[in-house]
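Remarks on the structure that follows.
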Amino acid sequence: MTETDLESLLARDFASVTPEEFAALVRNASRGDIERVMRGELRTRVLAEIFGRLAGQFRAEEAGGLTALIRWEITGDPVVVYETAIADSACTVTEGPSDADARTVLTMGDAEFLKLVSGTSAPVAMFMTRRLKVTGDMGLASGLTRLFEIPRG
């Protein structure tokens with residue numbers, strides 16, 4: 001897939017791209033393609049759309065009585081932070097860090113984040129190769145894939 005294909009589809013109206021289409025885009029894009037797309041306003045729109053969908057992909061039935069704050073730190077220019085708060089079988093997503101202590105902090109670059117949320121990269125492999133850094137509750141981090149509907153890349 002060329003930069004033009006990826007960029008033109010995401011720039012058009014990312015909100016209309018299904019999770020499965022997004023997974024296919026990421027799977028077929030090179031790291032360089034992703035890095036070129038994840039700059040400026042398009043990066044902001046892509047991250048906002050992904051995090052905007054996250055609460056809708058939450059599997060409340062899998063959460064049980066879980067209460068947790070998960071902080072996502074997406075490195076790049078600039079570093080972007082989102083938080084997902086899970087409580088009472090519900091998930092809320094906010095942009096920016098709160099003053100609350102996160103139970104788990106996930107830190108990764110743009111390409112790694114896109115591969116993680118599109119299901120095109122294995123989280124354990126990303127962690128073992130240091131492309132994903134986890135601080136805090138490792139058990140919670142390792143169970144996130146069961147808490148959210150992730151497309152199969």
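The values are calculated or read from the model by the stated rules, or taken from the named source; none is laboratory data. In this text, all values refer to a predicted model and were calculated from it rather than measured experimentally. Methodologically, a virtual Cβ is constructed for each residue, glycine included, from the backbone with ideal geometry; neighbour enumeration extends over all protein chains shown. Quick note on the areas: whole protein, heavy atoms, side chains included, nothing else; ligands and nucleic acids left out. Shrake-Rupley method; radii C 1.70, N 1.55, O 1.52, S 1.80 Å.
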Selection from the stretch 66-75 of residues that are under 14 Å from Glu112 (Cα atoms) and open to solvent by 20 Å² or more (accessible area, probe 1.4 Å) = Glu73, Thr75
Candidate set: the stretch 76-87, residues that are over 14 Å from the mean Cα position of the chain (by Cα) and modelled with pLDDT of 95 or more; chosen: the one surrounded by the most Cβ atoms within 10 Å (Cβ to Cβ) | Ile86
Within the stretch 126-138, count every residue that is open to solvent by 50 Å² or more (accessible area, probe 1.4 Å) and part of a helix (DSSP H, G or I).
-> 3
Determine whether Ala111 is touching a helix residue (DSSP H, G or I) at 6+ places or on another chain (Cβ under 9 Å), over 22 Å from Asp33 (Cβ atoms) and assigned to a helix (DSSP H, G or I).
-> no
Test: Arg103 is at pLDDT 95 or above, charged (D, E, K, R) and under 14 Å from the mean Cα position of the chain (by Cα) | no
What number of residues within the stretch 88-123 satisfy the criterion of being touching a residue at least 40 places away in the same chain (Cβ under 8 Å), open to solvent by less than 20 Å² (accessible area, probe 1.4 Å) and of a type in the set (Gly, Ala, Ser)?
-> 2
Residues located in the stretch 13-42, provided they are of a type in the set (A, V, I, L, M, F, W, C) and either open to solvent by 50 Å² or more (accessible area, probe 1.4 Å) or in contact with a strand residue (DSSP E or B) (Cβ under 8 Å, 6 or more places away or on another chain) (or both) | Ala15
